[in-house]
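Here is the structure we will look at, set down as structure tokens.
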Amino acid sequence: MPAIPLSLPSSTPLDGDAEAALVQRARRGDHNAFARLYREHARTIHTLAWRITSDAAVAEDIVQETFLRMLRFIGGLRAGAPVRPWLKQVASRLAIDHLRRQRWHLQEVEVEDEYHSSPDSGPDTLSEAVGLMQALSPLARSLVWLNQMEGWSHQELGQRFGRSESWSKSIVSRALRRLREQMHDDAITNISTPARHHGTGTPP
Amino acid sequence: MTPDPVRQHLQSLPEPPLSDELWLRLSARHQRRANHRRVLRGAALALVLGVGAFWLAPWTPSGESGPSQTHPATTATPDTSVLAIDRALQAAYARGASDEEVAPLWEIRQRMIVKQPASSTLPHLSATGESI
């Protein structure tokens, strides 16, 4: 079975109706339709799952499960409605459920100087992909990403994690403060030593 | 309004790499699922037709010599259950059903023909389900 060349751009962007038709075809077993949907959304869903879990293997499992659920359950999607929000919602919930099962993630040590490297992500990949969020715990990273980038409210986050709204507010607020401080410190450092290179790359 | 630098930073983060193996895994699952659905559909159809054929079959008390045995072959009517299967086959071909889906129907038809008395006049079907 040939691999999908993910590097290739989609031929044309999909509108809601075309996408709904593709989903129906994929559910009936049309492999090309399924491949097209995967090519259209897999990267976004994988990135989201990775941002929440900080674990490459778990993120891949979540992508797989999300697409399989699409085939099983998306029949009730409103006609013409885009598929991506549905996929993101499912992937986010799966990722949060994974975090909840990993109890150590939820310990209240989230912001203060904790650095938890993922077992399946090399340090280079992790540091590049999380940027300044490297200074945060996986839990704080997840909450910050969901709140700031995916638009989840603190109430939704509290409910989904089985905690309170104020629990989410507190962690996100401290994490954001820490990120801003770090950005400020980095800016000062860059001004004082402009030739400094970040990361592990060799000097020019 | 100045954009939030933290959001800007988060937006600028590179995407983690996505392995091609994931697609191979998912693709295999999708094809397995499609095959499974096809087999289930065929089996369900065969079951429905089998039950239908049972109910439609003419009831003849055992030990009683039915009139059909005394009728000449030219006047015998074909078994209604076989006709029901034939209609289902024709409908399946008309909607473009796959070989996997029609195979159970052909099997049931074959079994019924074997059980039919030799005097029955049965329609012959071509490979596309049309009466010859």
Could you grab me the full set of residues in segment A:54-68 that are among the small types (G, A, S) and over 19 Å from B:L24 (Cβ atoms)?
A:S54
Do we find a residue being in contact (Cβ under 8 Å) with a residue 60 or more places away in the chain and outside any loop (DSSP other than H, G, I, E, B) anywhere in segment B:9-20?
no
Filter result (open to solvent by less than 90 Å² (accessible area, probe 1.4 Å) and among the polar types (S, T, N, Q)) within segment B:1-32:
B:S12, B:S19, B:S27, B:Q31
Evaluate the following for A:R84: is it modelled with pLDDT of 90 or more and surrounded by fewer than 18 Cβ atoms within 10 Å (Cβ to Cβ)?
yes
Flagged in segment A:14-64 as basic (K, R) and either touching a residue at least 24 places away in the same chain (Cβ under 8 Å) or within 28 Å of B:Q11 (Cβ to Cβ) (or both), in numbering order, are A:R27, A:R36, A:R39, A:R43, A:R51
Taking interchain pairs and intrachain pairs at least six residues apart, which have beta carbon atoms under 6 angstrom, with the first residue in segment B:91-103 and under 11 Å from B:R41 (Cβ atoms) and the second open to solvent by 60 Å² or more (accessible area, probe 1.4 Å) and of a type outside the set (F, W, Y)?
B:E100/B:R38
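Restricting attention to segment B:1-44, which residues are basic (K, R) and at the interface with chain A (Cβ under 8 Å from one of its Cβ atoms)? Steps first, please.
Filtering segment B:1-44 for residues basic (K, R) gives B:7, B:25, B:29, B:32-33, B:37-38, B:41.
The answer is B:R7, B:R25, B:R29, B:R33, B:R37, B:R38.
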Is it true that some residue in segment B:45-68 is at pLDDT 80 or above, surrounded by fewer than 15 Cβ atoms within 10 Å (Cβ to Cβ) and away from every other protein chain (no Cβ under 14 Å)?
yes
Residues located in segment A:8-53, provided they are modelled with pLDDT under 85, surrounded by fewer than 16 Cβ atoms within 10 Å (Cβ to Cβ) and under 19 Å from B:L22 (Cα atoms)
A:L8, A:P9, A:S10
Test: A:P123 is open to solvent by 90 Å² or more (accessible area, probe 1.4 Å), of a type outside the set (D, E), farther than 19 Å from B:P14 by Cα and at pLDDT below 55
no
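The values are calculated or read from the model by the stated rules, or taken from the named source; none is laboratory data. The shown structure was predicted, so the numbers you read here are calculated from the model rather than taken from an experiment. As a convention, Cβ positions derive from the backbone with ideal geometry for all residues, glycine included, and neighbour counts pool all protein chains shown. Just the protein is used for accessible areas: all its heavy atoms, side chains included, with ligands, DNA and RNA removed. Shrake-Rupley method; radii C 1.70, N 1.55, O 1.52, S 1.80 Å.
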